[in-house]
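Below: the structure, in structure tokens.
The values are calculated or read from the model by the stated rules, or taken from the named source; none is laboratory data. Small disclaimer: the values here were computed from a predicted structure and weren't measured. So basically every Cβ, Gly included, is an ideal-geometry build from the backbone, and we count neighbours across all protein chains shown. Keep in mind that these areas ignore ligands, DNA and RNA; they rest on the heavy atoms of the full protein, side chains included. Shrake-Rupley method; radii C 1.70, N 1.55, O 1.52, S 1.80 Å.
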Amino acid sequence: MALTGIQILKLLPKTNCGECKFPTCLAFAMALAAGKTELDLCPHVSADAKAQLSDASAPPIRQVSIGVDDYGVKIGGETVLFRHEKTFFNKPGIAVLITDAMDDGEVERRLTALEHFQYERVGVTMKPEMAAIKFTGNKDRFMGLVKSALVRPCAVILMCGEAPVMKEALDIVRDKKPLIYGATPDNYEAFGALAKDYGVPLAVVGRGFDEVAALTEKLTAMGLKDLVIDTSTREVRGAFTDQVAIRRAALITKFKPLGFPTITFPCEMTDDPMKETLIASLFVAKYAGIIVLSDLTGETLFPLLLQRLNIYTDPQRPMTTKEGIYPINNPDDNSPVLVTCNFSLTYFIVSGEIENSRVPSWLCIMDTEGLSVMTAWAAGKFVGDLVGSFIKKSGVEEKVKHRSLIIPGYAAAILGDLEEELQGWKIMIGPREAAHLPAYLKTWNS
Amino acid sequence: MAFEIPKIKYTGKIREVQLGTGAKAVRIGGANCYPFHRFEGDMPNVPRVAFEVWDSSPEEWQQWAIEPYGDVLSDPVAWARKCVDTYGAEMIVLQLRSADPNGENKGVEEVVEVVKKVADAIDVPLLVWGTANDEKDGELLRRVAEACEGRNVAVGPVSDKNYKQIGAMAIGYSQVVMASSPIDVNLAKQLNILLGNLGVNEEKVVIDPTTGGLGYGLEYTYSVMERDRMAALTQEDAKLQFPIICNLAPEVWKTRETRLTKDEDPKLGDEKRRSILMEAVTAMTLLVAGADIVVMRHPDSVSLVRDMIGELCA
């Protein structure tokens, strides 16, 4: 049973000492109620209150950090089943598989691919974050791989079932805070001890969620908190069902033994890299914490990263594009000038259509706080005097010789005010739908 | 301890809608659980892929999208036949591009002639997709409904501006309507209420939520569909208990990222495989959100998606 912020506050010292990094006990209590922080951050809470609170205050799905600093990956910590109910917080980490059976060239290619395949979009860098290094029997090579991964800009997953080998690998790479994979019913005591000694997160590998839950209970009893779970299901339907079951168990029934992020292996579910991408996309939508891929190529990775960006976009906050002038198709001083809002989707669609038209153009993006044209207009953020003063200070007057401005068809109502504000400019009303821009631009004449 | 999957209490069910007639007719909808959640409900009809066919020769398609169709692209009848005969299409969506007032703007009768020819040439269900221009579609789709009498075709997109015109003819000729609203649960519901008031049979409605492609608003469509399904299945919202169609092919294939070649942007990788995956990932994502029909272009994307549907419904 979840407690409210006020119920939690009653159990806190109410000294507002600030040592938890929250300004007041109330703020801390509210964050606890929302599952966004941990009770351990309060050094003054009484043991009695702690016992009462510990159940209620822990987030239903543990947030686990793998790796450190810039290459740290946070997974789990989710609070909803559907993104529209709030948002998904931590996008699944995408890992590439590297094994000790691969030759040097192949290993190097994969490690380089991790750094190479990065894409900028709406001010965000989309990239794969992790190397999953797997022991298949050749210990010397495995240690070599671990050493080469140590200096790379990525988080590391160590995959090996033998505790002594894992210990040796951890001695090399412990500072990178790798995820170790994994604890099974046969070795969990040794792996639990390793994870504890080295302070690293631990993957728990069972056959089905019953076995996983039994294992996490034992490991939790050993004092381990940062667990990641794998139910070992490697066929599509069963794996999908497991992901749904685990998320629901954690959120609906608050079943603690499954309140952890998951790790999935599309790389072990098919030999076809195209199909592997589709399986991975299923796990992006439904609840994976980590997705391990067999390889990274631009054509398979890019669509997946884009989908992950879409699904993990906060639906409560519109994505925005930076205000400014965007040249499309190499425009010159005779090219048309268009203005629109900075809602990212608008920017993508409008710039895409201009690009399709092949007509060189200047696209002016005005900051409307992420509102679309009609909403921005209705909210008074895309109106004649604001658009006019934006155009004047944008510097577009130095880019073109003509003085013609195309406004979105849906903002036709601002025409009069805009003409007044932009003396000497001819205001043209463009199409309502971006899809009609190519036809419009092809016949455009200043 | 034995663990039971926490079940969602479903109180509603998606209506079943039949498209087409005879042996190749297809039934969609009927689910009483979230998409592919078969551990707690039934999906009596698997989601389907529809192949798109354009009524006029596409001018701006990528070489790798043209490849599978070759010279049939200038002949909608041959194109539709090729989809059925070669690629095993279970339904055809005929996109009436030539009628677009912002394009070729062909006259209604000229366009309807082609629709009739395509309808005569195939035995699988036909769905006819207009121009999304309310006025033109009002004229055009009502004639389509009339001309395809007896075939149980689907016509759309039907909006709150032209539902009366198209809806009345759809009732008269017993066709299915694809009710289109701009990515909004309440507007979708409202249009379905209007269609109901007009007298459109509840077994004759499919929802078009408006589809955004991967990287271009996919997440909006995704969440609106999840909300539609939640309302339909758990909140007894009868006016949302209809199958959903996503006309995704044109949205995906017009984007920059399906046009750039590997030479132009090496990091994006092989253009053909990338475009195919962009289409397939869009379809997969929408299927997980609740699509009953996904409209697709490339036969290789279709194969990938069918394979996944097969596995999820195994």
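Okay, here's what the table says:
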read-out: Residue that is farthest from residue B:60 (Cα to Cα) [pool: residues in the stretch A:349-372 that are β-branched (Val, Ile, Thr) and more than 13 Å from chain B (Cβ to nearest Cβ)]; value: A:368
read-out: Residues that are surrounded by fewer than 19 Cβ atoms within 10 Å (Cβ to Cβ) and either within 30 Å of residue B:15 (Cβ to Cβ) or within 11 Å of chain A (Cβ to nearest Cβ) (or both), drawn from the stretch B:260-299; value: B:260, B:262, B:265, B:266, B:267, B:270
read-out: Subset tally (residues that are more than 8 Å from chain A (Cβ to nearest Cβ), surrounded by fewer than 24 Cβ atoms within 10 Å (Cβ to Cβ) and of a type outside the set (A, V, I, L, M, F, W, C)) for the stretch B:301-314; value: 3
read-out: Qualifying position, being closer than 26 Å to residue A:204 by Cα and modelled with pLDDT of 80 or more, among A:68, A:45; value: A:68
read-out: Residue count, the stretch B:86-99 (criterion: surrounded by 22 or more Cβ atoms within 10 Å (Cβ to Cβ) and in a loop (DSSP other than H, G, I, E, B)); value: 3
read-out: Residue list for the stretch A:356-394, restricted to those being over 17 Å from residue A:330 (Cα atoms) and small (Gly, Ala, Ser); value: A:370, A:372, A:376, A:378, A:379, A:380, A:384, A:388, A:389, A:394
read-out: Among (1) open to solvent by 40 Å² or more (accessible area, probe 1.4 Å); (2) modelled with pLDDT of 95 or more, the one test that residue B:124 misses; value: (1)
read-out: Which listed residue is among the small types (Gly, Ala, Ser) and over 28 Å from residue B:87 (Cβ atoms), from B:138, B:156; value: B:138
read-out: All positions within the stretch A:317-337 that are under 25 Å from residue A:377 (Cβ atoms), open to solvent by 10 Å² or more (accessible area, probe 1.4 Å) and either touching a Cys at 6+ places or on another chain (Cβ under 8 Å) or away from every other protein chain (no Cβ under 11 Å) (or both); value: A:317, A:320, A:321, A:322, A:323, A:324, A:325, A:326
read-out: Residue A:37 vs. criteria among the hydroxyl-bearing types (Ser, Thr, Tyr), open to solvent by less than 40 Å² (accessible area, probe 1.4 Å) and modelled with pLDDT of 85 or more; value: no
read-out: Any chance residue B:106 is open to solvent by 40 Å² or more (accessible area, probe 1.4 Å), touching a Ser or Thr at 6+ places or on another chain (Cβ under 8 Å) and either in contact (Cβ under 8 Å) with a residue 40 or more places away in the chain or in a helix (DSSP H, G or I) (or both); value: yes
read-out: Top-ranked residue in the stretch B:222-259 [being more than 9 Å from every other protein chain (Cβ to nearest Cβ), assigned to a loop (DSSP other than H, G, I, E, B) and surrounded by fewer than 21 Cβ atoms within 10 Å (Cβ to Cβ); ranked as nearest to the chain's Cα centre (by Cα)]; value: B:237
read-out: Residue in the stretch B:277-285 that is under 15 Å from residue B:28 (Cβ atoms) and out of contact with any Cys (no Cβ under 8 Å at 6 or more places or on another chain) present; value: no
read-out: Lone qualifier among A:184, A:216, A:136 - being more than 30 Å from residue A:254 (Cα to Cα), in the same structural domain as residue A:100 (by TED's automatic domain parsing), modelled with pLDDT of 95 or more and among the hydroxyl-bearing types (Ser, Thr, Tyr); value: A:136
read-out: Subset tally (residues that are under 21 Å from residue A:64 (Cα atoms) and outside any helix (DSSP H, G or I)) for the stretch A:254-273; value: 9
read-out: From B:203, B:149, residue being under 17 Å from the mean Cα position of the chain (by Cα), more than 14 Å from every other protein chain (Cβ to nearest Cβ) and open to solvent by 40 Å² or more (accessible area, probe 1.4 Å); value: B:203
read-out: Failed item in (1) out of contact with any helix residue (DSSP H, G or I) (no Cβ under 7 Å at 6 or more places or on another chain); (2) more than 9 Å from chain B (Cβ to nearest Cβ); (3) crowded, with 24+ Cβ neighbours inside 10 Å, with residue A:301 passing the rest; value: (2)
read-out: Pairs with Cβ under 6 Å, 6+ apart, first in the stretch A:392-408 and under 25 Å from residue A:433 (Cα atoms), second among the polar types (S, T, N, Q) and in a loop (DSSP other than H, G, I, E, B); value: A:402/A:446; A:404/A:446
read-out: Count of the stretch A:381-434 residues which are within 14 Å of chain B (Cβ to nearest Cβ) and buried (at least 18 other Cβ atoms within 10 Å of the Cβ); value: 4
read-out: Residue match in the stretch B:229-236 (condition: of a type in the set (Asp, Glu) and modelled with pLDDT under 95); value: yes
read-out: Given (1) free of Cβ contacts under 8 Å to residues at least 12 places away in the same chain; (2) crowded, with 24+ Cβ neighbours inside 10 Å, index of the condition residue A:151 fails; value: (2)
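Residue by residue, here is whether (1) open to solvent by less than 10 Å² (accessible area, probe 1.4 Å); (2) out of contact with any strand residue (DSSP E or B) (no Cβ under 9 Å at 6 or more places or on another chain); (3) among the aromatic types (Phe, Trp, Tyr) holds:
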| site | (1), (2), (3) |
| --- | --- |
| A:256 | no, yes, no |
| A:259 | yes, no, no |
| A:283 | yes, no, yes |
| A:296 | yes, no, no |
